[in-house]
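Undergrad: Before we start, here is the structure in question, set down as structure tokens.
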Amino acid sequence: MDNTSTADTAAGAIETRGIEPVPDHERQGRVRELFPTWVAANISVLLLTMGAALVVLNQLNFWQVLIVAACAALVSFGLVGVLSVSGKWGGAPGATLSRATFGVRGNLFPGAILWIARFGWETINAVTGAYAVLTVLDLVFGVKSNTALIVITLFAFVACTFLVSGMGRKALNVCNTWSTYLFGVFSVLVLGYLIATMHWSEVFSKPAGTTAMVVAGIGTIAAGGISWVPTGPDFARYLPHSASGRKIVGVTVSGAGLVMVPMVLMGAVMAVASPGLAQAADPVSFLGDLLPTWLAVPYLLTAIVGMLLINSLSMYSAGFTAQTMGVKLPRALAVSINAVISLVGGLLLMLVAKSFLGSFITFLILLAVSFSAWIGVYAVDMFRRRTRAVRYDAAALMDTTRNSRYWYAGGFCWQAMVSWVLALLFGLAFTKCDWFAGPLSDTPVGKYGLAWAATIVISGAIMAVLPTPRENVPATPDRSAAEQAERTERTERAERTDQVTV
């Protein structure tokens, strides 16, 4: 069989591959393809609103906002890049590789938490996209928002997201590349307009805020990037073993930072001209007040495409999570579950919730903690696998029976489960938000908004000090010794090549 033709078919416009590991002969991706992916993952006007919040709510000045944005991009997407390397090791989505960490059954519990958290993230993005559509309709046609129009625009946005995410990796890569070019052009125009019209003396004369608010701001901005960490391997699974791990991290951070830093700064600058920006009823309409129509409309249109792609990337990975949890549907259909929930949740947020920003900031805080507990455990397990001859067993990842290499004890890796549960509880105890305050939220960790960082450290530390889990390696009598030796030699040769490039 011609391997090239097989690979081309697998990577066609409509991707049919589910959670199963990608065979080596189909892994012909390039590291540079990750750049537009992580640029597109951050094309959201929410970053403008969050930048404004740093000025209005955290009382930071321009230079402090710059530090916050740069640190948030480096920390959050640095984690995304590092853990994405496991995708090229195992050729499978993060939700599937996580079976090797938590056990076949144990993986269902953190998987469920991550899946639920992703519903919230997709809902926030869908709402923002719908508000952007409503703002364009108002600016161009003078059509004012009403309940019926809200329902129609939100449904249209979610439906488009579902269609794009169902097409798969290749279609997303093409869309991401073109959206990067378009959004980059209009962002430069907006930046130029702000430079020409802003009263910069007011921008730079603002007094500095406290160190606590700087640290808390980093956590708030980084929360969005942290939510992408478990899905990082999904976009690296088509990379060959020879792909450089350092390049994966570098491309991921640079792609995200290229958008995050200037957009957060632009939001901060806009907040000087319009202090009510961070507390607006919706996160988009302010652009119609601050920018001329000729610039606001095309900028919003490209932003709508960007937010559509963000949700498509999220739903793309959510389909893998659903399949890993046992949803017996093809990936494209599994995505429909997220689409329906995003629609219902979006309607509640747009029609019932009183404060978009308050709900959004609270959600970000809880999102960061829920993902951080998984990150610490997974990172330690990944670190231990870096020198193994067989880092991830493709067959065992798909085997959910007690014969699986990753069955451990009753389907659970108790070390990973204990680490995850304890870290999650401690993280919530350090958390303080509009909805609740944990018993440890008055400690320095809580006051500085470092619950997410503490959660990563706690989960990783507990996992590191507990005994190293022992994987089950069942005998395979139906395979001859020669076949076994040949398979082991191929695996070790690939892993040796991989070690040189990590």
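Undergrad: Among the residues of the range 222-268, write down those that are out of contact with any helix residue (DSSP H, G or I) (no Cβ under 6 Å at 6 or more places or on another chain), over 25 Å from Ile365 (Cβ atoms) and among the small types (Gly, Ala, Ser).
TA: Residues satisfying the conditions are Gly250, Ser254.
Undergrad: State yes or no: is Phe162 part of a helix (DSSP H, G or I), open to solvent by 50 Å² or more (accessible area, probe 1.4 Å) and not charged (D, E, K, R)? Give the derivation first.
TA: Values: part of a helix (DSSP H, G or I): yes; open to solvent by 50 Å² or more (accessible area, probe 1.4 Å): yes; not charged (D, E, K, R): yes.
Taking the combined requirement at face value, the residue satisfies it.
Undergrad: Shifting gears a bit: For the range 415-442, give me each residue that is touching a residue at least 12 places away in the same chain (Cβ under 8 Å), of a type in the set (Phe, Trp, Tyr) and surrounded by fewer than 21 Cβ atoms within 10 Å (Cβ to Cβ).
TA: Of everything in the range 415-442, just one residue is touching a residue at least 12 places away in the same chain (Cβ under 8 Å), of a type in the set (Phe, Trp, Tyr) and surrounded by fewer than 21 Cβ atoms within 10 Å (Cβ to Cβ), namely Trp435.
Undergrad: Which residue pairs have Cβ atoms under 9 Å apart, sit 6 or more places apart or on different chains, and have a first residue in the range 208-236 that is modelled with pLDDT of 90 or more and a second that is acidic (Asp, Glu)?
TA: Phe235/Glu33
Undergrad: In the range 97-151, what residues are touching a helix residue (DSSP H, G or I) at 6+ places or on another chain (Cβ under 6 Å), farther than 30 Å from Tyr299 by Cβ and open to solvent by 40 Å² or more (accessible area, probe 1.4 Å)?
TA: Residue satisfying the conditions is Ile113 alone.
Undergrad: Shifting gears a bit: Go through the range 262-381 and tell me which helices (runs of 4 or more DSSP H), entirely inside it, have 3 or more residues that are buried (at least 22 other Cβ atoms within 10 Å of the Cβ), modelled with pLDDT under 75 and out of contact with any Gly (no Cβ under 6 Å at 6 or more places or on another chain).
TA: On the way: elements: 286-290, 293-324, 331-351.
Correct list: 293-324.
The values are calculated or read from the model by the stated rules, or taken from the named source; none is laboratory data. Owing to the predicted nature of the structure, the values given are computational and were not obtained by experimental measurement. FYI the Cβ positions are ideal-geometry reconstructions off the backbone, even for glycines, and counts take in every protein chain you see. For accessibility, only protein heavy atoms count, side chains too; no ligands or nucleic acids. Shrake-Rupley method; radii C 1.70, N 1.55, O 1.52, S 1.80 Å.
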